[in-house]
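Following: one structure in structure tokens, then a few remarks.
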Amino acid sequence: MLLSDLVNTSQRVAATRKRLEKRALLAELINAASETDRRLLLHYLTGAVPQGRVGVGPALVGEIIATDAAESSTLTLEHVDAAVARIAAISGAGSKARRRDELAALFAAATDDEQRLLAGLLLGELRQGALDGVLVEAVAEVTDLPAAAVRRASMLAGDLPSAALAALERGGAGLDEFRLTPMRALQPMLAQPATDLDAALAAIPAPIIDAKLDGARVQIHRRGKLVRVFSRQLNDVTASVPEVVAAIGALPVNELILDGEVIALDTHGRPRPFQQTMRRFGRRRAAADLLERLPLSLFVFDCLLVDGQALIDAPLHERLRRASGIVPAELTVPRLRASCAEDARQFVANVLARGHEGVMIKAPDSVYAAGNRGADWLKVKPVETLDLVIIAAEWGSGRRRGWLSNLHLACRNDDDDGFVMLGKTFKGLTDATLRWQTEQLLARETHRDGHVVHVRPELVAEIAFSDVQASPQYPAGLALRFARVRRYREDKTAGEADVLATVRRLHVRATEGALND
């Protein structure tokens, strides 16, 4: 299969807002692929290469993509895979130059459109106008299997391509092969934002309330003496967190899968800034001095498997009961089983007083819906923030001359078809952040319009703001007031940014509050 076939379908999928049409286009492409090509095609449709990280960063891709492109399409999926495999295998002296040469040769054989798709694939930041959910439906259509079965298998597999390929090759029997198994990461359950504590308590009466820690999500697996730790993005980060390995390795159990958070605390037990926690994940193995200066504390908040018994379909209260018999209290997230609103408010006040960012409101009978952002888990943070995507930036002036400064902020459309701009901000940016974001944005540049640099919608930033106000200036009729950058969320993809429906709810709440004042 030619790479151009994938490019053309991706463009057509991005151009339509009709979910059924997206699904039909993807199904047609999958049907057209040979058995040899299907494995690669499914990976590329999910926005990744099978090799994972290959030592290619935004700066190098930005440099290469600026060179001349091929005039006609000749690259096949197999050609791309072979080139990426060669790049991934490069190491040792002179590796940087050799990696650049291989990458340049690959991009020289690609057209402009193919170069843009390759850049997104290699950086793991490709968006093609279709969520994994649409691809799941397309695979179900091709195989004549229930979409729910494909979806569950992909969650248990930790990635959609593996489950989709099993469905295409072996049908329902292939999907049945995927079970919750230690050492194979599964997609984490996610939470929806709630407008405030009262709204969350109204939606989930008598909830289980966990402290929401501003750390790094981890999924911990144990089999015998072997412990492996996976990040939110399901990358193996075991070597970065020896404290977690030691703590879980000492528990009286043979098999275990836990969900939790690691966070760097200061000498008073208060959380250090998020960026300091993430420093521990910036290299393959944390240096001894960094381990000493920046120890991580583990807080477990869910238990998915114990000694061969899968618990993801058990209610949360049962999962926590099983965890309490294994995980000591000092390794467990601060928690309250709320019996009344006043107890909940006091717990939230205590959590905030200890420096944490908010709480998670959870339904006691909720099952672990891996990979799903359902209404059974709600997150409540007192400072209003949204995770938004940078879609463009403007060159700064004065002391910011030469840096991309004023950011164009956008949320995801409700059906994930593109992004909706909500305003701009140049606030909250340190010199270090300005330098970093300029490099990152230029590597994602698509075109320019005067002093505005438009970029691929890939970088996610956590944006704080005072409220959401009506504004005829932007497409949704809404804009953020006094927006400022709190931090970049390198642990999140654009597909995890907040949606327009969330912004609308915040606006309705603000409007109702003003009317009641």
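The values are calculated or read from the model by the stated rules, or taken from the named source; none is laboratory data. Bear in mind that the values here come from a model prediction, so they are computed numbers and not experimental data. Reconstructed Cβ throughout: ideal geometry from the backbone, glycine too, with neighbour counts over all protein chains shown. Side chains included, ligands, DNA and RNA excluded: accessible areas come from the protein's heavy atoms. Shrake-Rupley method; radii C 1.70, N 1.55, O 1.52, S 1.80 Å.
Using a 1.4 angstrom probe, figure out how much accessible area the chain has per residue, in square angstrom, rounded to the nearest whole.
Solvent-accessible surface per residue comes out at 44 Å².
When the accessible area of the stretch 173-313 is split by element with a 1.4 Å probe, what percent falls to carbon and sulfur?
Whole-percent figure for carbon plus sulfur exposure: 51.
Indicate, rounded to the nearest 5 percent, the antiparallel portion of the DSSP beta bridges found entirely in the stretch 326-477.
Given both bridge residues lie in the stretch 326-477, the antiparallel proportion sits at roughly 95 percent.
Are there chymotrypsin sites (Phe, Trp or Tyr not before Pro) in the stretch 424-517 that DSSP puts in a loop and that have at most 15 other Cβ atoms within 10 Å, and which ones?
Taking the stretch 424-517 and a limit of 15 other Cβ atoms within 10 Å, the loop chymotrypsin sites (Phe, Trp or Tyr not before Pro) found are 482.
Can you give the extra length, in nm with one decimal, that the chain gains between residue 196 and residue 173 once fully stretched, where that is 0.36 nm per residue apart less the Cα-Cα distance?
Once the chain is fully extended between residue 196 and residue 173, it gains 3.8 nm.
Across every pair of different alpha-carbon atoms, what Kirkwood hydrodynamic radius in Å does the stretch 227-317 reach?
Details: mean 1/r = 0.0698 Å⁻¹.
One decimal place: 14.3 Å for the Kirkwood radius.
Using bins 10 angstrom wide from zero, how does P(r) for the stretch 271-396 break down, in % of all Cα pairs?
Going out from 0 Å in 10 Å bins, the stretch 271-396 shows 9, 29, 35, 22, 5, 1 percent.
Give the dimensionless ratio obtained when the Cα radius of gyration of the chain is divided by 2.2 N^0.38 Å.
Here the answer is 0.99, to two decimals.
Please compute the volume of the convex hull spanned by the alpha-carbon atoms of the stretch 129-220 and report it per residue in Å³.
162 Å³
Taking the Cβ of residue 263 as the center, what net charge do the other residues with Cβ under 14 Å away carry, scoring Lys and Arg +1 and Asp and Glu -1?
Value of the local net charge: 0.
Please report Rg (one decimal) and Dmax (integer) in Å for the Cα set of the stretch 423-517.
Rg, Dmax (Cα atoms, Å): 15.2, 47.
Only Cα pairs under 8 Å and at least 6 apart count here; give the relative contact order of the stretch 337-451 as a rounded whole percent.
Values: 113 pairs, mean separation 17.1, N = 115.
Across the stretch 337-451, relative contact order equals 15 percent.
What are the extents of the Cα atoms of the stretch 76-129 along their three principal axes, listed from largest to smallest and rounded to whole Å?
40, 21, 18
At 1.4 Å probe size, with the rest of the protein present, what percent of the exposed accessible area of the stretch 408-471 is carbon and sulfur atoms?
Carbon and sulfur together cover 51 percent of it.
Could you give the semi-axes, largest first, of the ellipsoid that matches the stretch 31-101, computed as the square roots of 5 times the alpha carbon gyration tensor eigenvalues and rounded to whole Å?
Each semi-axis is √(5λ); the values are 24, 16, 11 Å.
How high is the relative contact order of the chain, given as a whole-number percent (alpha carbon pairs under 8 Å, six or more residues apart)? Could you put the intermediate results ahead of the total?
Working: 966 pairs, mean separation 66.5, N = 517.
The normalised contact order for the chain reaches 13 percent.
So between residue 337 and residue 35, what do we pick up on full extension, going 0.36 nm a residue minus the alpha carbon distance?
Stretched out fully, the residue 337 to residue 35 stretch lengthens by 103.6 nm.
Please report the projected area of the stretch 53-165's Cα convex hull averaged over all directions, in nm².
8.3 nm²
Give the whole-number value, in cubic angstrom per residue, of the convex hull volume spanned by the C-alpha atoms of the stretch 185-282.
That works out to 150 Å³ per residue.
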